[in-house]
Amino acid sequence: MKYIKSLILFAALGVLGLSSCDGFLDMQPTSSGNAETAIATPADAQVVMNGIMRGMSSSNYYGRNFIMYGDAKGGDLTIYSAGRGLDALYSFNHSATSNSYSGFWSTGYYCIMQINNLLENIERLETEGVEGFSFYKGQALTLRALIYFDLVRLYGLPYNYNKSSYGVPNVTETLGADAQPVRASVEENYNQILADLEAGKSLLESNKSLQNGYVGYYANIALQARVKLYMENYDGALAAAKEIIEKSNYKLYGPADWVASWTKQYGSESIFEIGIDTESDLGTASLGLYLMRFRQISAASGWFLASDYYLDRLNEDNTDVRWGVMGNDEYWVNNGIERKGACYKYLGSTSLDGDGKETYTAVNIKVIRLSEIYLIAAEAALNASTPDKAAAAGYLNEIRKRAPELPLATAATITDDLILEERSKELFCEGQRFFDLIRKNKTIEFNDDFQGVPVSRRGKTIDRTFGMIVLPISQSEINANPALKDQQNEAYK
């Protein structure tokens, strides 16, 4: 397998056959002899789709770093000390040449490259009269939309803040090796995302069955709800959320069943879940071990823990069922005081039960859950062109019931802040908090005084005017594609 540094060169190549490197698909130039024949049947398309899902489970993406990004930067996590792994996310210690986390960029475009190659081969085969690819085409378009949504949030400013600012290159076809695509605007990225979702929806709607480990029709609708919420298209977000709530077979877990749901694969709330198997299990480098109790096992573990601010939020009701996935930080240095700061969502339970596989670290990643859809519906109903506060309170209360001693929201008490607080409690360590606060133009406060970790790149609080709320384009990518040089994000020039 060739080791190619440039993301854009990655995007220029076709992807065919399975790789022995990081579980990705191997790559060959689109001009190679078998590029045109490697995808000949729907079964071949399924193989490629498996490779795309494996790429998305990489440690550089949903397997670990992307989830950590959203909570480490959002104030719901803090760290014991610097230098233990991924702490640059918390400290915003990024530059074009160090801690650029370029794996987001290269892995995202690597998956997009696979998708574009698949779509072009499907188009060729359909032109030749071969049938049976529509569902795979719908899945591919939906995944491309998700990846672009993630990339534009990492590298571009919020849509509702400056949609004319730089986003990421819109690459929707395989490119020549000398191609140097430039960054599109945030608005252009979102337009592409919506176009892919709409096209994907029409191809998926003939089969609305559950798609364990893959995206299906309702995953597409859920992603539409999420994207439109970020765009402040509240009417569109509400319509999408209501379709799932009212028409799908997904069901919320009751308070008594919520904790155990993390030991299950593809449960009743899981709209899109990435399967983690033996090959993609990161073991001692897994997301679960980064969030478990410090020194619980001999391997490196427990580098991140809940901030005081998050625990204060959860502590509003000490009977809140979500305490059930929190474990004691018995080894923190302040005189051994017991503190429930460890999260066990990605280990199945505080007893390390996993989710039914051979190892407890091979726990599936729940990308979109039904509880998020209820919270989207609450926010969208509250802010719709014709606001419905009673409906917003009703949607919120379905999730708020997980804290039985808290009063239910009413039309008189429902606010955006109440919904944001519930999102924090429900979606803790699911990669959402930072993006939520930035899109809602809130100040983020960090628990730096927990251990007195020195942080030089940011203050104790930031808001979306802080230049480092976006990542830098890595210098290696700029070297490979000089067209990006003048499009570097301002904080890193």
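The values are calculated or read from the model by the stated rules, or taken from the named source; none is laboratory data. What you are looking at is a predicted structure, and each value in this text was computed from that prediction instead of being measured. We place every Cβ from the backbone using ideal geometry, glycine too, and count neighbours over all the protein chains shown.
Structure values in brief
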quantity: Hey, G138 under 28 Å from A43 (Cα atoms), crowded, with 23+ Cβ neighbours inside 10 Å and in contact (Cβ under 8 Å) with a residue 24 or more places away in the chain or not; calculated: yes
quantity: Members of region 372-410 that are assigned to a loop (DSSP other than H, G, I, E, B) and acidic (D, E); calculated: D388, E405
quantity: Per-region count, region 42-59, residues part of a helix (DSSP H, G or I) and of a type in the set (S, T, N, Q); calculated: 2
quantity: Checking R423 against (1) part of a helix (DSSP H, G or I); (2) farther than 25 Å from G267 by Cα, the condition it does not meet; calculated: (2)
quantity: Residue ID - nearest to V453 (Cα to Cα), chosen from residues in region 303-332 that are among the aliphatic types (A, V, I, L, M) and modelled with pLDDT of 95 or more; calculated: A306
quantity: Residues that are modelled with pLDDT under 95 and farther than 16 Å from L347 by Cα, drawn from region 261-281; calculated: E279
quantity: Residue pairs meeting the criteria (Cβ under 6 Å; at least 6 apart or on separate chains; first modelled with pLDDT of 95 or more, in region 360-372; second among the hydroxyl-bearing types (S, T, Y) and surrounded by 23 or more Cβ atoms within 10 Å (Cβ to Cβ)); calculated: T361/S286; V363/Y346; I365/Y62
quantity: Out of L210, L194, L204, sole residue that is over 17 Å from the mean Cα position of the chain (by Cα), farther than 29 Å from M68 by Cβ and not β-branched (V, I, T); calculated: L204
quantity: Residue within region 443-457 that is in contact with a Phe, Trp or Tyr (Cβ under 7 Å, 6 or more places away or on another chain) and over 22 Å from C343 (Cβ atoms) present; calculated: yes
quantity: Filtered residue count, region 60-92, keeping only those that are part of a loop (DSSP other than H, G, I, E, B) and either among the hydrophobic types (A, V, I, L, M, F, W, C) or modelled with pLDDT of 95 or more (or both); calculated: 12
quantity: Selection count where residues are crowded, with 18+ Cβ neighbours inside 10 Å and among the polar types (S, T, N, Q), scope region 451-474; calculated: 1
quantity: Region 175-230: number of residues that are among the aliphatic types (A, V, I, L, M) and at pLDDT below 95; calculated: 4
quantity: Residue tally, condition in contact with a Gly (Cβ under 9 Å, 6 or more places away or on another chain), buried (at least 18 other Cβ atoms within 10 Å of the Cβ) and part of a helix (DSSP H, G or I), over region 475-493; calculated: 1
